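Structure first, commentary second.
Each value in this text was obtained by applying a stated rule to the coordinates, not by laboratory testing. Here the structure is a predicted model, which is why all the values come from computation and not from measurement. Cβ atoms come from the backbone with ideal geometry, glycine included; neighbour counts cover every protein chain shown.
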Amino acid sequence: MSLLIVGTMAFDALETPFGKVDRIIGGSATYAAYSASNFTKPVKQVSIIGGDFPIEEITLLEERGVEFEGVEVVPDGKSFFWSGRYHMDMNTRDSLITDLNVLAQFNPTIPESYQDCDFVMLGNLAPEVQMSVIRQLHKKPKLIIMDTMNFWMSIALDDLKKAIGMVDLLLVNDSEARELTGEYSLVKAAKKIQAMGPKYLIIKKGEHGALLFYEDKIFSAPALPLEDVFDPTGAGDTFAGGFIGYLARTNNVSFENMKAAVIMGSALASFCVEKFGPDRLKEITPVDIENRVNEFIELISFNIA
């Protein structure tokens, strides 16, 4: 089943305790597309880039089944740029530079050829942009998932709540869930968020895994302990891409299948952090993914006599 991904394609400059890169490809849609393309094709991309975005990067994505009809190119513009520095715990970071560039004029148009998509991922964008995409769809997809962040909670809360009410699954981290609801308990926070509209909720907890909520059911997935974590940038988008890519491949949105999708997304995210940017995602094979998923299975499998 075809998949629609809406998000940013950008440049990043990154500094972590383990290294530094001055300019590397990034953006939520870039990470999600690399991840999802391991499971489903085509991936129908919607984004905006400047004339400075490397043609070789577009070619690499096209070779993986990513379609670019919905990607607006501004020939004389510059692509979105973000620079950040991570602290030693790799969970907190300082944003050093945020240049919206062409992203400031992003008003996505969904091509007619994209209207058959049954699965939709809305990356972290302004809620009004996310709602605009939903309103352009001619038919209701089987599943719409949406990512957001605390920035929108502080400047566009009313619009954010409207957007949340239009999707099937919300994806947030633990601090965002608490800020959105005013609840410290993630179980109480989940109930409040589900009351806003989405049937499903995923709360990411970084190195502590993720929680999947549906009605009164909860699935807790661990994060894989890794020896080397170089760069957590894009890990959440990689998780989301792997999650919805697997659902699109299996064409099954049951809670039980979502459990498997959470593990698939977690496996892809565990690769993402092993190198700067999406470089590690470019080189993994189906065998690598199968072996990594088996590591997750081994991690959570046990017997009680």
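Brief remarks on what is shown
- Residue match in the range 192-205 (condition: polar (S, T, N, Q), touching a Lys or Arg at 6+ places or on another chain (Cβ under 7 Å) and crowded, with 16+ Cβ neighbours inside 10 Å): no
- Considering residues of the range 110-134 that are among the polar types (S, T, N, Q) and free of Cβ contacts under 8 Å to residues at least 60 places away in the same chain only, the residue nearest to Pro232 (Cα to Cα): Ser132
- Taking the numbered list (1) free of Cβ contacts under 8 Å to residues at least 12 places away in the same chain; (2) more than 30 Å from Lys139 (Cα to Cα) in turn, Asp99 passes all entries but (1).
- Test: residue in the range 188-200 that is outside any helix (DSSP H, G or I) and farther than 25 Å from Met166 by Cα: no
- For the range 60-72, the candidate set comprises residues that are of a type in the set (A, V, I, L, M, F, W, C) and not in a helix (DSSP H, G or I); within that set, the residue that is nearest to Phe271 (Cα to Cα) is Val66.
- Among residues of the range 30-62 being touching a Phe, Trp or Tyr at 6+ places or on another chain (Cβ under 6 Å) and farther than 23 Å from Leu100 by Cβ, the one that is surrounded by the most Cβ atoms within 10 Å (Cβ to Cβ) is Lys44.
Condition check ((1) of a type in the set (S, T, N, Q); (2) surrounded by 15 or more Cβ atoms within 10 Å (Cβ to Cβ); (3) more than 15 Å from the chain's Cα centre (by Cα)) across all residues:
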| residue | (1), (2), (3) |
| --- | --- |
| Leu180 | no, yes, yes |
| Lys188 | no, no, yes |
| Ala260 | no, yes, yes |
| Ser266 | yes, yes, no |
| Asn294 | yes, no, yes |
